[in-house]
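Colleague: Have a look at this one before I ask anything.
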Amino acid sequence: MSKSNTLVSGIGSHKKVKKYYDDWSENYDETLKKWNYKAPKKVISYLKKFDEIKPKKILDIACGTGLFAEEILKIYPKISIDGIDISKKILNLAKSKKIYNNLKCCNFDKNFFTKYKYDLISCIGAMTYSKDPAKLIMKQINRLKKSGFFIFTHRVDLWKKQNFLQILYDLSKYWEIFFISRPNLYLPNNNDFKNNIKIKVIFLKKK
Ligand SMILES: C[S@@+](CC[C@H](N)C(=O)[O-])C[C@H]1O[C@@H](n2cnc3c(N)ncnc32)[C@H](O)[C@@H]1O
């Protein structure tokens, strides 16, 4: 199976995902650039619409090599960003960019400790890999300050399959559904994704 075919199907176990991204790390940024990876810039275009979102401290989960962090720093140049990712090799690349305050290798579906309470937590281009998205969303509650934001993207095909809107309604005691975007292009220059697989951008606000 080709790399992008495997991406469409979601790769598999956490162990497989880790290996997949470790193996991909060498030319990851280059490949995503070729595929015109849209998620980071798209999220930023929506963030800019909301004056009330003014984060100082951010946790970027599944941070990858820092493509989202690079974009968010353009609109909030003074923020401090911590990142976590399951792939050590991908994290090494993120480290070399010197844009993160702290980086840690961990699995977002498992418990991991954070020293701080954050104003905003991001999970861009990675919800596909969570084995239990509702649990993942709820795990962010204690890591956020009051009225903090959890922002993420999710593939529209999986959104429908998982009845994701209902998942969010079920969590509405804890989260305000602050914003859900229309479907947006994700990897338009990749033949498997093109116009077929789009993403939504979601902003949840801690109640
Ligand atoms: C498509 S990349 C997105 C990276 C980054 N958020 C961005 O937008 O540039 C997906 C990332 O999710 C990470 N990832 C996948 N499953 C994970 C897990 N269970 N825990 C932590 N990171 C994970 C991968 O290692 C990879 O770096």
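The values are calculated or read from the model by the stated rules, or taken from the named source; none is laboratory data. Quick caveat, the model's predicted, so the values are computed rather than measured. Because the Cβ atoms are built from the backbone with ideal geometry, glycine has one as well, and the counts that use them run over all protein chains shown.
Colleague: Of (1) within 26 Å of Leu158 (Cα to Cα); (2) touching a strand residue (DSSP E or B) at 6+ places or on another chain (Cβ under 7 Å), Pro55 satisfies all except one. Which?
Modeller: Result: Pro55 fails condition (1) only.
Colleague: Of everything in region 59-114, what is near the ligand (Cβ under 9 Å from one of its atoms), under 17 Å from Gly148 (Cβ atoms) and β-branched (Val, Ile, Thr)? Give them in sequence order.
Modeller: Ile61, Ile84
Colleague: Related question: Among the numbered criteria (1) exposed (fewer than 14 other Cβ atoms within 10 Å of the Cβ); (2) part of a helix (DSSP H, G or I); (3) acidic (Asp, Glu), which single criterion is violated by Glu52?
Modeller: The number of the failed condition is (2).
Colleague: Quick one: how many residues across region 80-98 are in contact with a strand residue (DSSP E or B) (Cβ under 8 Å, 6 or more places away or on another chain) and surrounded by 18 or more Cβ atoms within 10 Å (Cβ to Cβ)?
Modeller: 9
Colleague: Which of (1) surrounded by fewer than 17 Cβ atoms within 10 Å (Cβ to Cβ); (2) farther than 29 Å from Glu30 by Cβ; (3) charged (D, E, K, R); (4) within 16 Å of the ligand (Cβ to nearest atom) does Arg143 not meet, given it meets every other one?
Modeller: Answer for Arg143: the failing condition is (1).
Colleague: Also, I was wondering about something else. Could you please tell me which pairs satisfy a Cβ distance under 8 Å, a separation of 6+ or placement on different chains, a first residue in region 184-207 that is without any contact (Cβ under 8 Å) to a residue 60 or more places away in the chain, and a second residue that is assigned to a strand (DSSP E or B) and among the polar types (S, T, N, Q)?
Modeller: Within 8 Å, the pairs are Lys198/Asn184; Lys200/Thr153; Lys200/Asn184; Ile202/Thr153; Lys205/Ser147.
Colleague: Go through region 55-90 and give me each residue that's part of a helix (DSSP H, G or I) and within 21 Å of Arg143 (Cα to Cα). Outline the logic, then answer.
Modeller: Step one: filter region 55-90 for residues part of a helix (DSSP H, G or I), giving 67-75, 88-90.
Correct list: Phe68, Ala69, Ile72, Leu73.
Colleague: Using the structure shown, decide if Phe50 is under 17 Å from the mean Cα position of the chain (by Cα), modelled with pLDDT of 95 or more and under 18 Å from Phe152 (Cα atoms). Before you say what the answer is, go through the steps one by one.
Modeller: On the way: under 17 Å from the mean Cα position of the chain (by Cα): no; modelled with pLDDT of 95 or more: yes; under 18 Å from Phe152 (Cα atoms): yes.
Considered against the rule, which asks whether it is under 17 Å from the mean Cα position of the chain (by Cα), modelled with pLDDT of 95 or more and under 18 Å from Phe152 (Cα atoms), Phe50 comes out as no.
Colleague: Could you please let me know if Tyr20 is modelled with pLDDT of 95 or more, touching a Lys or Arg at 6+ places or on another chain (Cβ under 9 Å) and either near the ligand (Cβ under 10 Å from one of its atoms) or farther than 22 Å from Asn184 by Cβ (or both)?
Modeller: The answer is yes for Tyr20.
Colleague: Moving to a separate point now. What number of residues within region 109-125 satisfy the criterion of being at pLDDT 95 or above and surrounded by fewer than 22 Cβ atoms within 10 Å (Cβ to Cβ)?
Modeller: If we filter region 109-125 for residues that are at pLDDT 95 or above, which is where we start, we get 109-110, 117-125.
Now restrict to residues that are surrounded by fewer than 22 Cβ atoms within 10 Å (Cβ to Cβ): 109-110, 117, 119.
Qualifying residue count for the region: 4.
The rows are residues; the columns are (1) in contact (Cβ under 8 Å) with a residue 40 or more places away in the chain; (2) under 15 Å from the mean Cα position of the chain (by Cα).
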residue	(1), (2)
Thr6	no, no
Lys19	no, no
Tyr37	yes, yes
Lys41	no, yes
Lys74	no, no
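Colleague: I need every pair where a residue in region 114-133 that is in contact (Cβ under 8 Å) with a residue 12 or more places away in the chain has its Cβ under 6 Å from the Cβ of a residue that is within 7 Å of the ligand (Cβ to nearest atom) and acidic (Asp, Glu), sequence separation at least 6 or different chains.
Modeller: That search, which allows pairs on different chains as well, returns Ser122/Asp60; Ser130/Asp109; Lys131/Asp109.
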